[in-house]
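K.L.:
This structure is in structure tokens; I'll ask about it shortly.
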Amino acid sequence: MDRLPYTYLLIFCCLTFGCSFGRGQDSSPSCDVGVMVRRGTTKKAAAQQRLTVECPVKHCGESVNVTWCKLLETNQWEQINQTENVEITQQKYVDRLTSFLTFKRISIHDDGLYRCNLLTGDISHIINITVSAEVPSDAGKEDVSWLSYFSICVSVILLVITVSVLTALSFYGWKRRVYSYDA
């Protein structure tokens with residue numbers, strides 16, 4: 001009989017806790033539409049090479065339209081349209097989308113600051129594209145990253161062989177001297 005007030009108190013606390021923390025919350029997590037380009041993104045390329053820049057967008061199932069812009073010398077942003085040298089594509093995922101700006105053969109005139117925008121007004125951080133005039137030559141640039149590993153392995157093998165030979169010679173020479181004293 002003494003437990004009855006405690007039982008009512010426990011039921012009251014559970015209902016109060018459930019009502020205050022369960023009210024007004026959606027069962028699905030909140031989702032904010034936005035452009036997710038990292039601050040300080042820089043891309044470097046040599047002239048006449050292919051370059052692709054990514055613009056990841058979280059869309060939360062909403063329909064979004066991504067546009068690309070370049071900063072002109074007049075401090076005005078100019079929208080980039082698809083041309084024979086510039087390709088704009090999009091790849092959709094469940095709750096995100098990635099827009100790709102691809103220069104098929106980038107030129108020195110494509111050097112500059114770029115950004116991607118949503119029609120909702122959300123803009124990305126600036127993407128710095130640097131184009132160098134010289135085309136890198138592959139001649140004389142061999143991949144020699146394996147050379148250091150090869151040198152270390154050969155050195156260890158030679159060390160083991162040298163120690164083994166010296167140890168065998170010292171035992172053989174010692175036994176030979178012992179036999180020569182016995183005779």
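K.L.:
Just checking: which of the strands (runs of 3 or more DSSP E) contained wholly in region 69-138 hold 3 or more residues that are closer than 13 Å to VAL53 by Cβ?
P.N.:
In region 69-138, 86-92, 96-103, 112-118, 127-132 are the strands (runs of 3 or more DSSP E) which contain 3 or more residues that are closer than 13 Å to VAL53 by Cβ.
K.L.:
For region 81-115, name all the residues that are of a type in the set (Gly, Ala, Ser) and closer than 18 Å to LYS44 by Cα.
P.N.:
Listed by number, the residues that qualify are SER107, GLY112.
K.L.:
Something else: Which numbered condition trips up GLU84, out of (1) surrounded by 10 or more Cβ atoms within 10 Å (Cβ to Cβ); (2) more than 24 Å from ARG38 (Cα to Cα); (3) at pLDDT 90 or above?
P.N.:
(1)
K.L.:
Additional query: Look at ASP111 and say whether it is touching a Gly at 6+ places or on another chain (Cβ under 9 Å) and of a type outside the set (A, V, I, L, M, F, W, C).
P.N.:
no
K.L.:
Checking LEU118 against (1) of a type in the set (A, V, I, L, M); (2) without any contact (Cβ under 8 Å) to a residue 60 or more places away in the chain; (3) under 11 Å from GLY34 (Cα atoms): exactly one of these is not met. Which one?
P.N.:
(2)
K.L.:
Could you list, in sequence order, the residues of region 48-63 that are more than 24 Å from the chain's Cα centre (by Cα) and not hydroxyl-bearing (Ser, Thr, Tyr)?
P.N.:
GLN48, GLY61, GLU62
The values are calculated or read from the model by the stated rules, or taken from the named source; none is laboratory data. None of these values were measured; they are calculated from a predicted model. Glycine also receives a Cβ, built like all others from the backbone with ideal geometry; neighbour counts cover every protein chain displayed.
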